[in-house]
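Since the structure comes first, as structure tokens, the remarks are kept for the end.
Each reported figure results from applying straightforward, stated rules to the coordinates on display, with no laboratory input. In this text, all values refer to a predicted model and were calculated from it rather than measured experimentally. Please note: Cβ atoms are built from the backbone with ideal geometry, for glycine as well, and neighbour counts cover all protein chains shown.
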Amino acid sequence: MEVNPLIIVAIVLLMAYTFFYTPVGQIRNFLVLSVLFIIGVTLVLAVSEMPLFGSAEAPAYNNVALFYIEETVPQTGAINAVAAIITDFRSFDTLGEATVLFTAVAAALANLGALGNKE
Amino acid sequence: MDDLVTRSVCRLMVPFVQLYGAYLVFYGHLSPGGGFAGGAVIAASFILYALSFGQETASRRIAPGISHLMESGGGLLFVLAGLFGIMLGGTFLANKAAGFYMGIPGQLFSGGIIMILSFGVGIKVTSTMVTLYNSLSKRG
């Protein structure tokens, strides 16, 4: 079953209406429960459309996976395909991850005052 | 925490944990592992040391200044290895096109830039975790 994007937009609008514009009480509880029920049914329907575990027809098994399996050793010289993807084919992504780590440490040190700047 | 059993066990365990972390970093292109996992293992050994011996003893092993240098150095090593590819006539972070040593697949010195980048990422993850632990545990 194809899930219509309009349904999702309607659910989000219904949630916003429920949480911000209805008074606290039994009506609000009923509305919250009904919204949760709709979301739950949608999620279960979406899960039932997923391919089986290990199925050969899964959308993830396309020519990209085949390319990596065939071209890793000739193009990178590494026998670990995961490492070759992380640090060769997708090394820009790894550079971004290193930047994320650096930013996290810089923010933590700035907030905790661990570099010696006294308040 | 000052416990004889904990300190003795940690003194025995920490070298092996660090050796295993270095193995994970340097054999990242041959076996499961890589810079992130190996760096996390090495950082875990430092944190274990700090937990059992106290913050003062641990900061004599890896000083905060050294940790900050490693933090910047890991990222700089990554970027410089990438710029090296441009110098050698390839693109940024190019591997084979830049003429890095390919070697025979399956040997330790093979794969060109992959080992350098894993080393840089390993240093960076190690110092990130150690620095975060130090700065969070300083105030108690």
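Brief remarks on what is shown
- Rg and Dmax of the protein assembly as shown, Cα atoms only, in Å: 24.9, 72
- Cα gyration tensor shape of region B:1-83, rounded if a/c is under 1.5, else prolate or oblate by comparing a/b with b/c: oblate
- Helical content of the protein assembly as shown, expressed as a calculated mean residue ellipticity at 222 nm, amounts to -23000 deg cm²/dmol (DSSP H runs of 4 or more residues, -39,500 (n - 2.57) each, divided by residue number, nearest 500).
- Cleavage-rule hits (GluC sites (Glu not before Pro)) in region A:57-93: DSSP loop, at most 15 neighbouring Cβ within 10 angstrom: A:GLU57
- Under the membrane-span-like helix rule (DSSP H runs whose alpha carbons stretch at least 30 Å along the helix axis, mean Kyte-Doolittle hydropathy 0.5 or higher), chain A yields A:26-48, A:91-112.
- On Cα atoms only, tilt of B:64-87 relative to the major axis of chain B in degrees: 10
- Centre-to-centre separation between the Cα atoms of region B:15-75 and those of region B:96-140: 11 Å.
- Charge sum, other residues only, whose C-beta stays under 12 Å from A:VAL64's C-beta, Lys/Arg counted +1 and Asp/Glu -1: -1
- In whole percents, the pair-distance distribution calculated for chain B from its alpha-carbon pairs, binned every 5 Å from zero, is 2, 11, 16, 18, 17, 13, 9, 6, 4, 2, 1, 0.
- Local electrostatic count, A:VAL82, Cβ distance below 15 Å [Lys/Arg +1, Asp/Glu -1]: -3
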